[in-house]
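A quick write-up on the structure given underneath.
The values are calculated or read from the model by the stated rules, or taken from the named source; none is laboratory data. Every value quoted in this text rests on a predicted model; they were computed, and no experiment measured them. All Cβ positions, glycine included, derive from the backbone under ideal geometry; neighbour counts span all protein chains shown.
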Amino acid sequence: MSFVANSTSFAAPDTYFGIYNELSKYNVHLNVFERLWASWYAFMQNDILATGIMSFAMHEFVYFGRSLPWLIISKIPYFHKYKIQGQKIPTAAEQWNCTKYVLLSHFTVELPQIWLFHPMARYCGMETGVPFPPLTTILFQICVFFVLEDAWHYWFHRALHWGPLYKNIHKIHHTYSAPFGLAAEYASPIEIMLLGLGTVGVPILWVLVTGNLHILTMYLWIVGRLFQAIDAHSGYEFPWSLHHFLPFWAGADHHDTHHERFIGNYASSFRFWDYVMDTESGPEAAKKRRERKDAKEASKKLQ
(Lines give C-alpha, C1' and ligand atoms only; values in the text may rest on other atoms or scores of the structure.)
Protein backbone atom coordinates (compact mmCIF):
# COMPACT_ATOMS: atom_id res chain seq x y z
CA MET A 1 0.00 0.00 0.00
CA SER A 2 1.56 3.30 -1.04
CA PHE A 3 0.62 6.08 1.36
CA VAL A 4 1.27 9.80 1.21
CA ALA A 5 4.36 11.23 2.86
CA ASN A 6 4.70 10.71 6.60
CA SER A 7 1.63 8.45 6.81
CA THR A 8 3.66 5.50 8.08
CA SER A 9 6.64 7.29 9.61
CA PHE A 10 5.15 7.58 13.12
CA ALA A 11 5.35 4.98 15.83
CA ALA A 12 2.12 3.20 15.02
CA PRO A 13 -0.43 3.05 17.88
CA ASP A 14 -2.12 -0.26 18.68
CA THR A 15 -5.67 0.70 17.72
CA TYR A 16 -7.27 1.64 14.44
CA PHE A 17 -8.50 5.00 15.70
CA GLY A 18 -5.13 5.64 17.33
CA ILE A 19 -3.55 5.22 13.89
CA TYR A 20 -6.26 7.45 12.41
CA ASN A 21 -5.55 10.25 14.89
CA GLU A 22 -1.80 10.01 14.37
CA LEU A 23 -2.08 9.85 10.57
CA SER A 24 -4.42 12.87 10.58
CA LYS A 25 -1.71 15.03 12.17
CA TYR A 26 0.57 14.60 9.16
CA ASN A 27 -2.02 14.48 6.36
CA VAL A 28 -4.39 17.39 6.92
CA HIS A 29 -4.85 17.70 3.14
CA LEU A 30 -6.75 14.39 3.06
CA ASN A 31 -10.50 14.29 3.67
CA VAL A 32 -11.97 12.20 6.48
CA PHE A 33 -12.81 9.24 4.26
CA GLU A 34 -9.30 9.17 2.79
CA ARG A 35 -7.80 9.19 6.29
CA LEU A 36 -10.09 6.35 7.37
CA TRP A 37 -9.07 4.41 4.26
CA ALA A 38 -5.31 4.91 4.75
CA SER A 39 -5.62 4.11 8.48
CA TRP A 40 -7.32 0.79 7.70
CA TYR A 41 -4.43 -0.39 5.53
CA ALA A 42 -1.87 0.88 8.07
CA PHE A 43 -3.71 -0.89 10.88
CA MET A 44 -3.97 -4.21 9.01
CA GLN A 45 -0.31 -4.22 7.86
CA ASN A 46 -1.32 -6.66 5.13
CA ASP A 47 -2.79 -5.24 1.92
CA ILE A 48 -4.28 -8.53 0.72
CA LEU A 49 -6.01 -9.11 4.04
CA ALA A 50 -7.14 -5.48 4.28
CA THR A 51 -8.67 -5.48 0.79
CA GLY A 52 -10.17 -8.96 1.21
CA ILE A 53 -11.96 -8.17 4.47
CA MET A 54 -13.16 -4.77 3.23
CA SER A 55 -14.37 -6.18 -0.10
CA PHE A 56 -16.27 -9.11 1.40
CA ALA A 57 -17.78 -7.03 4.23
CA MET A 58 -18.87 -4.40 1.71
CA HIS A 59 -20.48 -7.02 -0.52
CA GLU A 60 -22.40 -8.67 2.33
CA PHE A 61 -23.50 -5.39 3.88
CA VAL A 62 -24.77 -3.99 0.58
CA TYR A 63 -26.38 -7.22 -0.64
CA PHE A 64 -28.36 -8.02 2.49
CA GLY A 65 -28.82 -4.37 3.47
CA ARG A 66 -30.41 -3.57 0.10
CA SER A 67 -32.50 -6.75 0.18
CA LEU A 68 -33.92 -5.97 3.63
CA PRO A 69 -36.32 -3.17 2.51
CA TRP A 70 -37.84 -5.51 -0.09
CA LEU A 71 -38.23 -8.18 2.57
CA ILE A 72 -40.07 -5.70 4.80
CA ILE A 73 -42.23 -4.44 1.94
CA SER A 74 -43.34 -8.00 1.14
CA LYS A 75 -44.84 -8.21 4.66
CA ILE A 76 -46.85 -4.97 4.34
CA PRO A 77 -50.21 -5.50 2.56
CA TYR A 78 -50.32 -1.87 1.37
CA PHE A 79 -47.47 -2.51 -1.06
CA HIS A 80 -48.99 -5.65 -2.57
CA LYS A 81 -50.81 -3.52 -5.16
CA TYR A 82 -47.39 -2.67 -6.60
CA LYS A 83 -46.34 -6.31 -6.88
CA ILE A 84 -45.88 -7.14 -10.56
CA GLN A 85 -47.05 -10.73 -10.09
CA GLY A 86 -49.49 -9.80 -7.35
CA GLN A 87 -50.63 -13.33 -6.63
CA LYS A 88 -47.10 -14.53 -5.90
CA ILE A 89 -45.88 -13.06 -2.63
CA PRO A 90 -42.74 -14.94 -1.47
CA THR A 91 -43.23 -16.95 1.71
CA ALA A 92 -40.93 -16.77 4.73
CA ALA A 93 -39.75 -20.32 3.94
CA GLU A 94 -38.84 -19.37 0.35
CA GLN A 95 -36.90 -16.32 1.48
CA TRP A 96 -35.09 -18.25 4.21
CA ASN A 97 -34.13 -21.09 1.82
CA CYS A 98 -32.90 -18.50 -0.67
CA THR A 99 -30.86 -16.72 2.03
CA LYS A 100 -29.15 -19.96 3.11
CA TYR A 101 -28.21 -20.83 -0.47
CA VAL A 102 -26.91 -17.33 -1.20
CA LEU A 103 -24.84 -17.27 2.00
CA LEU A 104 -23.33 -20.65 1.16
CA SER A 105 -22.50 -19.36 -2.31
CA HIS A 106 -20.94 -16.18 -0.93
CA PHE A 107 -18.61 -18.06 1.40
CA THR A 108 -17.68 -20.93 -0.92
CA VAL A 109 -17.70 -19.34 -4.39
CA GLU A 110 -17.29 -15.59 -4.03
CA LEU A 111 -15.06 -15.30 -0.95
CA PRO A 112 -12.06 -17.11 -2.52
CA GLN A 113 -12.32 -14.87 -5.59
CA ILE A 114 -12.58 -11.74 -3.45
CA TRP A 115 -9.51 -12.85 -1.50
CA LEU A 116 -7.46 -12.96 -4.70
CA PHE A 117 -8.75 -9.60 -5.88
CA HIS A 118 -6.06 -7.34 -4.35
CA PRO A 119 -3.02 -9.01 -5.95
CA MET A 120 -4.85 -9.22 -9.28
CA ALA A 121 -5.88 -5.54 -9.08
CA ARG A 122 -2.35 -4.40 -8.22
CA TYR A 123 -0.85 -6.59 -10.95
CA CYS A 124 -3.15 -4.93 -13.49
CA GLY A 125 -2.21 -1.44 -12.28
CA MET A 126 -5.24 -0.53 -10.18
CA GLU A 127 -4.52 2.17 -7.59
CA THR A 128 -5.34 1.46 -3.93
CA GLY A 129 -3.80 4.41 -2.12
CA VAL A 130 -4.87 7.96 -1.30
CA PRO A 131 -5.89 10.56 -2.33
CA PHE A 132 -8.93 9.37 -4.27
CA PRO A 133 -9.59 10.36 -7.90
CA PRO A 134 -11.95 13.28 -8.70
CA LEU A 135 -15.68 12.58 -8.47
CA THR A 136 -16.14 13.34 -12.18
CA THR A 137 -13.62 10.62 -13.07
CA ILE A 138 -15.35 8.12 -10.78
CA LEU A 139 -18.80 8.84 -12.22
CA PHE A 140 -17.61 8.69 -15.83
CA GLN A 141 -15.89 5.35 -15.34
CA ILE A 142 -18.91 3.84 -13.55
CA CYS A 143 -21.18 4.91 -16.43
CA VAL A 144 -18.82 3.23 -18.92
CA PHE A 145 -18.80 0.07 -16.79
CA PHE A 146 -22.60 -0.07 -16.73
CA VAL A 147 -22.76 0.12 -20.53
CA LEU A 148 -20.03 -2.46 -21.16
CA GLU A 149 -21.23 -4.90 -18.49
CA ASP A 150 -24.75 -4.69 -19.89
CA ALA A 151 -23.47 -5.92 -23.25
CA TRP A 152 -21.57 -8.80 -21.59
CA HIS A 153 -24.61 -9.74 -19.52
CA TYR A 154 -26.99 -9.65 -22.47
CA TRP A 155 -25.03 -12.06 -24.67
CA PHE A 156 -23.97 -14.49 -21.97
CA HIS A 157 -27.39 -14.47 -20.32
CA ARG A 158 -28.99 -15.12 -23.68
CA ALA A 159 -26.54 -17.98 -24.27
CA LEU A 160 -27.49 -19.47 -20.89
CA HIS A 161 -31.04 -19.90 -22.20
CA TRP A 162 -29.81 -22.34 -24.84
CA GLY A 163 -31.11 -25.83 -23.98
CA PRO A 164 -28.12 -27.65 -22.42
CA LEU A 165 -26.75 -24.51 -20.73
CA TYR A 166 -30.16 -23.66 -19.34
CA LYS A 167 -30.76 -27.17 -18.02
CA ASN A 168 -27.33 -27.59 -16.43
CA ILE A 169 -26.53 -24.05 -15.30
CA HIS A 170 -29.16 -21.32 -15.54
CA LYS A 171 -32.23 -23.27 -14.43
CA ILE A 172 -31.32 -22.77 -10.75
CA HIS A 173 -31.72 -19.01 -11.09
CA HIS A 174 -35.22 -19.52 -12.47
CA THR A 175 -36.36 -21.47 -9.41
CA TYR A 176 -38.41 -18.42 -8.48
CA SER A 177 -40.68 -17.40 -11.37
CA ALA A 178 -41.74 -14.38 -9.29
CA PRO A 179 -38.35 -13.10 -8.09
CA PHE A 180 -37.59 -11.14 -4.92
CA GLY A 181 -34.56 -9.10 -3.91
CA LEU A 182 -32.64 -11.85 -2.12
CA ALA A 183 -32.81 -14.04 -5.24
CA ALA A 184 -30.55 -11.73 -7.28
CA GLU A 185 -27.54 -14.00 -6.66
CA TYR A 186 -29.47 -17.25 -6.34
CA ALA A 187 -27.61 -19.07 -9.11
CA SER A 188 -25.23 -21.90 -9.86
CA PRO A 189 -21.51 -21.35 -9.13
CA ILE A 190 -20.77 -21.48 -12.86
CA GLU A 191 -23.29 -18.74 -13.60
CA ILE A 192 -22.01 -16.60 -10.74
CA MET A 193 -18.48 -16.82 -12.10
CA LEU A 194 -19.51 -16.38 -15.75
CA LEU A 195 -21.73 -13.33 -15.29
CA GLY A 196 -19.59 -12.02 -12.43
CA LEU A 197 -16.66 -11.98 -14.84
CA GLY A 198 -18.41 -9.14 -16.64
CA THR A 199 -18.78 -7.17 -13.42
CA VAL A 200 -15.12 -7.58 -12.45
CA GLY A 201 -13.60 -8.09 -15.90
CA VAL A 202 -14.84 -4.83 -17.42
CA PRO A 203 -12.99 -2.64 -14.86
CA ILE A 204 -9.91 -4.88 -15.12
CA LEU A 205 -9.92 -4.47 -18.91
CA TRP A 206 -10.39 -0.73 -18.45
CA VAL A 207 -7.34 -0.36 -16.20
CA LEU A 208 -5.23 -2.56 -18.49
CA VAL A 209 -6.07 -0.30 -21.45
CA THR A 210 -6.09 3.12 -19.75
CA GLY A 211 -3.87 2.55 -16.69
CA ASN A 212 -6.32 4.74 -14.76
CA LEU A 213 -8.60 3.17 -12.14
CA HIS A 214 -8.83 3.34 -8.37
CA ILE A 215 -10.17 0.45 -6.34
CA LEU A 216 -12.65 2.86 -4.70
CA THR A 217 -14.26 3.34 -8.13
CA MET A 218 -14.41 -0.44 -8.42
CA TYR A 219 -16.20 -0.64 -5.07
CA LEU A 220 -18.71 2.06 -5.97
CA TRP A 221 -19.35 0.34 -9.31
CA ILE A 222 -20.04 -2.98 -7.57
CA VAL A 223 -22.35 -1.26 -5.09
CA GLY A 224 -24.28 0.29 -7.99
CA ARG A 225 -24.44 -3.05 -9.80
CA LEU A 226 -25.67 -4.83 -6.66
CA PHE A 227 -28.38 -2.20 -6.18
CA GLN A 228 -29.43 -2.63 -9.80
CA ALA A 229 -29.52 -6.45 -9.61
CA ILE A 230 -31.44 -6.56 -6.32
CA ASP A 231 -33.94 -3.92 -7.42
CA ALA A 232 -34.44 -5.70 -10.76
CA HIS A 233 -35.36 -8.86 -8.82
CA SER A 234 -37.54 -7.05 -6.29
CA GLY A 235 -40.78 -7.90 -8.08
CA TYR A 236 -42.25 -4.42 -7.50
CA GLU A 237 -43.19 -1.72 -9.97
CA PHE A 238 -43.85 1.78 -8.55
CA PRO A 239 -44.97 5.01 -10.21
CA TRP A 240 -41.58 6.41 -9.15
CA SER A 241 -39.53 3.50 -10.53
CA LEU A 242 -36.44 4.75 -12.36
CA HIS A 243 -37.43 3.51 -15.83
CA HIS A 244 -40.36 5.99 -15.83
CA PHE A 245 -37.77 8.79 -15.85
CA LEU A 246 -35.05 6.99 -17.83
CA PRO A 247 -36.90 4.96 -20.51
CA PHE A 248 -33.74 3.04 -21.44
CA TRP A 249 -33.33 1.74 -17.85
CA ALA A 250 -34.48 -1.86 -17.34
CA GLY A 251 -35.51 -2.30 -13.71
CA ALA A 252 -37.96 -4.73 -12.12
CA ASP A 253 -40.61 -4.23 -14.80
CA HIS A 254 -38.18 -5.52 -17.42
CA HIS A 255 -36.58 -8.39 -15.49
CA ASP A 256 -39.69 -9.69 -13.72
CA THR A 257 -41.20 -10.44 -17.12
CA HIS A 258 -38.12 -12.49 -17.97
CA HIS A 259 -38.58 -14.64 -14.86
CA GLU A 260 -42.30 -15.03 -15.48
CA ARG A 261 -41.96 -16.05 -19.13
CA PHE A 262 -38.48 -17.63 -19.05
CA ILE A 263 -37.49 -15.93 -22.31
CA GLY A 264 -36.53 -12.49 -23.61
CA ASN A 265 -35.39 -9.38 -21.71
CA TYR A 266 -31.86 -10.71 -21.32
CA ALA A 267 -30.05 -7.45 -20.55
CA SER A 268 -29.14 -6.37 -17.04
CA SER A 269 -29.27 -2.58 -16.69
CA PHE A 270 -30.65 -1.21 -19.97
CA ARG A 271 -33.30 -2.03 -22.57
CA PHE A 272 -31.55 -1.17 -25.83
CA TRP A 273 -29.93 -4.57 -26.51
CA ASP A 274 -33.30 -6.31 -26.27
CA TYR A 275 -34.85 -3.63 -28.44
CA VAL A 276 -32.16 -3.83 -31.14
CA MET A 277 -32.02 -7.64 -31.13
CA ASP A 278 -35.84 -7.97 -30.97
CA THR A 279 -35.76 -10.05 -27.79
CA GLU A 280 -38.15 -7.93 -25.75
CA SER A 281 -40.60 -10.01 -23.77
CA GLY A 282 -44.15 -9.43 -22.57
CA PRO A 283 -47.61 -8.71 -24.06
CA GLU A 284 -46.68 -5.24 -25.33
CA ALA A 285 -43.57 -6.47 -27.11
CA ALA A 286 -45.51 -9.40 -28.60
CA LYS A 287 -48.19 -7.00 -29.86
CA LYS A 288 -45.60 -4.76 -31.55
CA ARG A 289 -43.95 -7.83 -33.08
CA ARG A 290 -47.30 -8.96 -34.56
CA GLU A 291 -48.01 -5.46 -35.88
CA ARG A 292 -44.61 -5.36 -37.61
CA LYS A 293 -45.22 -8.80 -39.09
CA ASP A 294 -48.70 -7.83 -40.32
CA ALA A 295 -47.37 -4.61 -41.82
CA LYS A 296 -44.60 -6.51 -43.61
CA GLU A 297 -47.05 -9.06 -45.04
CA ALA A 298 -49.42 -6.29 -46.14
CA SER A 299 -46.54 -4.52 -47.87
CA LYS A 300 -45.63 -7.71 -49.75
CA LYS A 301 -49.21 -8.11 -51.00
CA LEU A 302 -49.18 -4.56 -52.37
CA GLN A 303 -46.03 -5.21 -54.40
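When we screen 229, 267 for residues that are in a loop (DSSP other than H, G, I, E, B), under 14 Å from the mean Cα position of the chain (by Cα), modelled with pLDDT of 95 or more and among the aliphatic types (A, V, I, L, M), the only hit is 267. Evaluate segment 20-39: report whether one residue or more is within 25 Å of residue 228 (Cα to Cα) and either crowded, with 18+ Cβ neighbours inside 10 Å or free of Cβ contacts under 8 Å to residues at least 60 places away in the same chain (or both). Checked segment 20-39: no residue is within 25 Å of residue 228 (Cα to Cα) and either crowded, with 18+ Cβ neighbours inside 10 Å or free of Cβ contacts under 8 Å to residues at least 60 places away in the same chain (or both).
Summed over segment 129-172, residues that are free of Cβ contacts under 8 Å to residues at least 60 places away in the same chain and of a type in the set (Gly, Ala, Ser) total 2.
State which residue is surrounded by the most Cβ atoms within 10 Å (Cβ to Cβ) when the search covers only segment 147-167 and only residues that are among the small types (Gly, Ala, Ser) and touching a helix residue (DSSP H, G or I) at 6+ places or on another chain (Cβ under 7 Å). Outline the logic, then answer.
Of the residues in segment 147-167, the ones among the small types (Gly, Ala, Ser) are 151, 159, 163.
Add one more test, that the residue is touching a helix residue (DSSP H, G or I) at 6+ places or on another chain (Cβ under 7 Å), and what stays is 151, 159.
Details: 151: 16, 159: 14.
Here the residue is 151.
Can you confirm whether residue 292 is out of contact with any strand residue (DSSP E or B) (no Cβ under 7 Å at 6 or more places or on another chain) and either closer than 18 Å to residue 161 by Cα or surrounded by fewer than 21 Cβ atoms within 10 Å (Cβ to Cβ) (or both)?
Numbers: out of contact with any strand residue (DSSP E or B) (no Cβ under 7 Å at 6 or more places or on another chain): yes; either closer than 18 Å to residue 161 by Cα or surrounded by fewer than 21 Cβ atoms within 10 Å (Cβ to Cβ) (or both): yes.
Taking the combined requirement at face value, the residue satisfies it.
Given the condition at pLDDT 90 or above, charged (D, E, K, R) and over 21 Å from residue 55 (Cα atoms), answer yes or no: does some residue in segment 10-24 qualify?
Initial filter on segment 10-24 (at pLDDT 90 or above): 15-24.
After this cut, where a residue has to be charged (D, E, K, R) as well, the list is 22.
Remaining after also requiring over 21 Å from residue 55 (Cα atoms): 22.
Looking for residues that are at pLDDT 90 or above, charged (D, E, K, R) and over 21 Å from residue 55 (Cα atoms), one finds at least one in segment 10-24, hence yes.
Only one of these is assigned by TED's automatic domain parsing to the domain that holds residue 144, surrounded by 13 or more Cβ atoms within 10 Å (Cβ to Cβ) and either modelled with pLDDT under 95 or charged (D, E, K, R) (or both): 237, 284. Name it. It would help to see each step written out before you state the result.
On the way: 284 fails: surrounded by 13 or more Cβ atoms within 10 Å (Cβ to Cβ).
237 is the lone residue from the list that is assigned by TED's automatic domain parsing to the domain that holds residue 144, surrounded by 13 or more Cβ atoms within 10 Å (Cβ to Cβ) and either modelled with pLDDT under 95 or charged (D, E, K, R) (or both).
Hey, does segment 72-79 have a residue that's of a type in the set (Lys, Arg), exposed (fewer than 14 other Cβ atoms within 10 Å of the Cβ) and more than 30 Å from residue 121 (Cβ to Cβ)? The answer is yes; a qualifying residue exists.
Take residues that are in the same structural domain as residue 230 (by TED's automatic domain parsing) and either over 27 Å from residue 197 (Cα atoms) or acidic (Asp, Glu) (or both) and tell me which of the helices (runs of 4 or more DSSP H) falling wholly in segment 81-135 contain 2 or more. Before you say what the answer is, go through the steps one by one.
Details: elements: 92-105, 111-115, 117-124.
Counting at least 2 such residues, we get 92-105.
Close contacts from segment 107-125, counting a first residue that is in contact (Cβ under 8 Å) with a residue 60 or more places away in the chain and a second that is assigned to a loop (DSSP other than H, G, I, E, B), with Cβ to Cβ under 8 Å and a gap of 6+ residues or different chains, come to 118/128; 121/128; 122/128; 125/211; 125/213.
Being of a type in the set (D, E, K, R), at negative phi and surrounded by fewer than 18 Cβ atoms within 10 Å (Cβ to Cβ) is the requirement here; does residue 83 meet it? If you could, list the steps in order and put the result at the bottom.
Working: of a type in the set (D, E, K, R): yes; at negative phi: yes; surrounded by fewer than 18 Cβ atoms within 10 Å (Cβ to Cβ): no.
So residue 83 fails the test.
The set of residues from segment 172-183 being in a helix (DSSP H, G or I) and surrounded by fewer than 24 Cβ atoms within 10 Å (Cβ to Cβ) comprises 172, 173, 174, 175.
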